[in-house]
Amino acid sequence: MTLAARLIVLAAVVVALLATAGCATVQPWERGTLAKPVMAIEDPAHETAQKLRTYGAKEGGASATGVGGGGCGCN
Amino acid sequence: MAAISPRLAALTAAAMALPAVHVRAADAPGENPWGVDATHLEYSESGGRMNVRVNQASAVVPIGESFRLKANFIQDLMSGASPVFNAPGPGGKTQQVLTGASVFDNRKAGDIGADASIGDNQLLLRQGWSKENDYKSTWTSLEGKRDFNRKSTTLAVGFAFSDDGVSSHDAPNDFHTRIKRDFFAGVTQIVDERSLVAVSLEYSYSNGFLSDPYKLVFVQSSGLLRDARPDQRRQTAATVKYLAYVPAIDSALQAIGSLSTDNWGIRSGALELQWKKELPGEWLVNAGARYYTQSSADFYAPLYLSPPGGAHSSDYRLAGFGSIGWLAGVTQRLTPNFSVQIAAERTYRRVGLRSGGTGIDVDNYIWGLYLVTLQARF
């Protein structure tokens, strides 16, 4: 099995576990802590976009961070 | 069925109004506010190499309760020197040959988008353009999100298509085509009252001219050749993000791990750890570190003894290397509608941190970036 196939299988297993875990729903009135600013799962959009573009221009690897954004002739 | 008390029903209704798993810190003015962001970024590399100044502005305009229009503009001003090839130096030690310090480019990019929220579903369509002297790009992306389990789970899928043209300063009108398609799927899950996890997977397929027109390779028996890479690239990446609030230190801890592989032979891994804390006076601070490692591409070599038969490149980004960096930031909410954010990152690239393959020490360098963002919500 190639590393790519292993990554896909690993992600599928984690997603399945998450879906199962999702059955134990945290009730809305229990989400006070999750609503704190430090618990924002998404970092500020501009900062994230610029950092990902820098990593993409200076590294040969990839990350699964969402779609969108055109290429550049970055050196 | 058991009856729900009016008090519990009211509490539930109020709690349901809390943001879901994709909560944003600056969205306080309302569920669907007007928004304007402006960012300035300074990027620089050690050794007199590249300097980049970025100005970015974006706006979000709500239309009714369910629709939003988005616009984004970016300008990059790039200058400095960039590595071209490696050559044997005095004493047999390999040395790096750079462009002159006069490389200059001005990139302008923008995108517009429309976002619709219907019940637990969200759909975002974006169209973007980018243009610089030797590179142009036109791209389209479509993303969908759906909340499940009373917003405990968010499923996201996305597709993007990018049609790029690559030329060089020597032949600015001779564009080569490069096409890229990205497929993305992710799940964000509330684990418990104090933690969240997001798992995502992305597959990218690129074809066309994937070489760098400015890079050369040094062949000891015959001299210089142009960089030549395979005309197809398939990349697969998985990323896991875990965020937990720790009452003992009144802070949140975040870990992001990524793995990727591609058909060029590059395997990479990254781990980022961050500490985030709110301080009195509407301050939010964060600090952390990022480790990255990759193996070299199958066709990479710092130097070639004889003319290579197939793909060949000495691009330092396709070498085996790793990096370690630190990052920090601070956000101050000036008023309920305005906030300012300052962030910095400094990274040390080191061949000794590679996870396989080959690389050379002369490619090591340090880069840093600093950015300031002003954010308004109404």
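What follows is calculated from the coordinates using simple rules that are stated; it is not laboratory data. A quick note: this is a predicted structure, and the numbers were derived from the prediction, not measured. Using ideal geometry, Cβ is built from the backbone for each residue, glycine included, and neighbour counts are taken over all protein chains shown.
Full extension of the segment from B:Ala171 to B:Phe159, taken as 0.36 nm per residue of separation minus the current Cα-Cα distance, would add 1.1 nm.
Want the number for B:Ala116 to B:Ala248: 0.36 nm per residue separation, take away the alpha-carbon distance, what's left? The partial results should precede the final answer.
Working: separation 132, 0.36 × 132 = 47.52 nm, distance 3.99 nm.
Gain in length upon complete extension: 43.5 nm.
Its DSSP H runs of at least 4 residues, each contributing -39,500 (n - 2.57), put the calculated 222 nm mean residue ellipticity of the protein assembly as shown at -3000 deg cm²/dmol, to the nearest 500.
Contact order normalised by length for the stretch B:29-82, with contacts defined as Cα pairs under 8 Å and 6 or more residues apart; what percent is it? All intermediate terms of the calculation are to be shown ahead of the outcome.
On the way: 98 pairs, mean separation 18.7, N = 54.
RCO, the stretch B:29-82: 35 percent.
For the protein assembly as shown, the dipole from Cβ point charges (+1 on Lys and Arg, -1 on Asp and Glu) about the Cα centre works out to 400 debye, to the nearest 20.
Could you list, in their original order, any pairs among A:Lys58/B:Lys277; A:Lys36/B:Lys151; B:Lys151/B:Lys277; B:Lys70/B:Lys277; B:Lys151/B:Lys276 whose Cα atoms are separated by more than 22 Å?
Details: A:Lys58/B:Lys277 30 Å; A:Lys36/B:Lys151 16 Å; B:Lys151/B:Lys277 25 Å; B:Lys70/B:Lys277 30 Å; B:Lys151/B:Lys276 24 Å.
Exceeds cut-off: A:Lys58/B:Lys277; B:Lys151/B:Lys277; B:Lys70/B:Lys277; B:Lys151/B:Lys276.
How far is helix B:6-16 tilted, in degrees, relative to the longest principal axis of the Cα atoms in chain B, given as a value from 0 to 90 rounded to the nearest 10? Roughly 20 degrees, rounded to the nearest 10.
Note: relative contact order over the stretch B:204-278, using C-alpha pairs below 8 Å and six or more positions apart, is 24 percent.
In this Cβ point-charge picture (+1 for Lys and Arg, -1 for Asp and Glu), chain B has a dipole of about 360 debye about its Cα centre.
As a length-normalised measure over Cα pairs under 8 Å and 6 or more apart, the relative contact order of chain B settles at 13 percent.
Can you give the FRET efficiency to the nearest 0.05 for B:Leu77 and B:Phe148, using r as the Cβ-Cβ distance and R₀ = 35 Å?
Numbers: r = 45 Å, r/R0 = 1.27.
The formula returns an efficiency of 0.20 here.
Compared with the direct C-alpha span, the chain from B:Leu123 to B:Tyr348 gains 77.1 nm at full extension, assuming 0.36 nm per residue. Within a straight-line Cα-Cα reach of under 13 Å, B:Lys131 can be paired with the following aspartates and glutamates, leaving aside sequence neighbours fewer than 8 residues apart in one chain: B:Asp76, B:Asp105, B:Asp111, B:Asp163, B:Asp164.
A simple packing score, the average count of other Cβ atoms within 10 Å per residue, orders the peptides B:86-94, B:318-326, B:115-123, B:224-232 as B:318-326, B:224-232, B:115-123, B:86-94, with the highest score first.
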